[in-house]
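In what follows, a single structure is set out as structure tokens and then discussed.
The values are calculated or read from the model by the stated rules, or taken from the named source; none is laboratory data. Bear in mind the structure is a predicted one, so any value in this text is a computation, not a measurement. Counting neighbours? That spans all protein chains shown, and the Cβs are built from the backbone with ideal geometry, glycine included.
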């Protein structure tokens with residue numbers, strides 16, 4: 001059975017390229033700095049998710065590599081935040097986000113890592129069809145199967 005195509009409502013996209021440029025720059029900066037910044041960690045997931053959503057404004061079928069890459073980066077960010085939150089105190093986790101590996105300190109519980117953030121992270125792993133991340137998030141221990149990096 002072929003997939004149904006559902007047209008989307010009109011969405012103003014004239015300003016999206018400028019928004020994408022600014023949001024990409026902001027996202028890159030946050031991802032470069034968030035590992036050591038309790039102030040930036042809460043913004044990391046929301047910013048990467050906003051970037052992915054803006055890509056879909058100009059690519060509603062999500063056929064461009066840049067769009068997919070933005071969604072994967074958002075998924076990796078959410079997963080990394082929960083891996084750090086569930087890592088044993090005094091340790092760190094190594095997580096790939098985008099093209100870089102990040103070393104995140106174990107943070108323990110943080111106010112921005114709530115049920116809503118978990119659901120978003122879980123949905124992102126589902127959208128990206130990453131079963132290992134789904135299992136890690138569902139188990140709640142952040143530990144990858146077999147001890148591999150996140």
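Computed values, structure above
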| quantity | calculated |
| --- | --- |
| Residues of region 2-47 satisfying the condition of being touching a residue at least 12 places away in the same chain (Cβ under 8 Å) and over 20 Å from the mean Cα position of the chain (by Cα) | 8, 11, 13, 16, 17 |
| Hits in region 106-130 (condition: free of Cβ contacts under 8 Å to residues at least 60 places away in the same chain, under 11 Å from residue 79 (Cβ atoms) and in a helix (DSSP H, G or I)) | 118, 122, 125 |
| Residue 43 being surrounded by fewer than 18 Cβ atoms within 10 Å (Cβ to Cβ) and under 30 Å from residue 12 (Cα atoms) | yes |
| Any chance residue 74 is out of contact with any strand residue (DSSP E or B) (no Cβ under 8 Å at 6 or more places or on another chain), modelled with pLDDT of 95 or more and buried (at least 22 other Cβ atoms within 10 Å of the Cβ) | yes |
